[in-house]
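S.K.: Here you go, one structure.
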Amino acid sequence: MKENISKHISYDEATMSPTAIRNGIDNTPNEEQLANMRNVANACFEPAREWYGKPIKVNSFFRCPELNKLVNGSPTSDHPHGRSIDMNAG
């Protein structure tokens, strides 16, 4: 088990993708991507979570380039760099 990305986001939650699993894609971030993920989680997600005061669902966080392409993500998306997080408040 990997260390959490931030206080409220687990590594598994940040990298989980049913599409990647179904298609045999390894959605493991490298060290640079992981550092970016920690930065965006702590600078953006955690303040929003604190303000909202309730759990916020992470819909999509890290997507390796192959996965991003498969889900028709934008070629200029920040997801493959670990610098974008899609979330949904309950």
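S.K.: Sorted by packing (mean other beta-carbon atoms within 10 Å per residue), highest first, where do 14-21, 53-60 land?
M.R.: Working: 14-21: 16.4, 53-60: 12.2.
Peptide ranking by packing, descending: 14-21, 53-60.
S.K.: If you count only protein heavy atoms and use a 1.4 Å probe, how large is the accessible surface of Met87, to the nearest 10 Å²?
M.R.: 80
S.K.: Can you quote the Å³ per residue value for the convex hull of the Cα atoms in the chain, rounded to an integer?
M.R.: Details: hull volume 8.7 nm³, N = 90.
Taking only Cα atoms, the chain has a hull volume of 96 Å³ per residue.
S.K.: I would also like to ask the following. Highest first, please rank the peptides 5-12, 43-50 by the mean number of other Cβ atoms sitting within 10 Å of their residues. Intermediate values should be presented prior to the final figure.
M.R.: On the way: 5-12: 17.2, 43-50: 14.4.
So the order, starting with the most tightly packed, is 5-12, 43-50.
S.K.: Would you mind checking the tilt of helix 31-40 against the longest principal axis of the Cα atoms of the chain, expressed as 0 to 90 degrees and rounded to 10?
M.R.: For helix 31-40, the angle is close to 40 degrees.
S.K.: Starting from the Cα-Cα distance between Asn30 and Met87, subtract it from 0.36 nm times their residue separation and give me the gain in nm to one decimal.
M.R.: Working: separation 57, 0.36 × 57 = 20.52 nm, distance 2.22 nm.
Using 0.36 nm per residue and subtracting the Cα-Cα distance, I get 18.3 nm.
S.K.: Leaving out ligands, DNA and RNA, what percent of the accessible area of the chain is carbon and sulfur, probe 1.4 Å?
M.R.: Summing carbon and sulfur atoms, their accessible area is 50 percent of the total for the chain.
S.K.: Right, something else. Would you compute, from DSSP H runs of 4+ residues alone, the mean residue ellipticity of the chain at 222 nm, taking -39500 (n - 2.57) per run and dividing by the full residue count, rounded to the nearest 500? If you can, show how the numbers build up before the last one.
M.R.: Numbers: 5 runs with 33 residues, N = 90.
Taking each H run of at least 4 residues, the total per residue is -9000 deg cm²/dmol.
S.K.: Taking only C-alpha pairs under 8 Å that are 6+ residues apart, what is the relative contact order of the chain in percent? List each step's numbers first, then the result.
M.R.: Numbers: 119 pairs, mean separation 28.8, N = 90.
With pairs under 8 Å counted, the relative contact order is 32 percent.
S.K.: Residues of segment 1-16 with the amide nitrogen closer than 19 Å to a label point 7 Å from the Cα of Lys57, along Cα-to-Cβ, please.
M.R.: What the label zone holds, given the 19 Å backbone N cut-off, is 8-16.
The values are calculated or read from the model by the stated rules, or taken from the named source; none is laboratory data. None of these values were measured; they are calculated from a predicted model. Don't worry about glycine lacking a Cβ; one is built from the backbone with ideal geometry, like all the others, and counts go over all protein chains shown. Just so you know, the surface numbers come from the protein's heavy atoms only, side chains and all, with ligands and any DNA or RNA stripped out. Shrake-Rupley method; radii C 1.70, N 1.55, O 1.52, S 1.80 Å.
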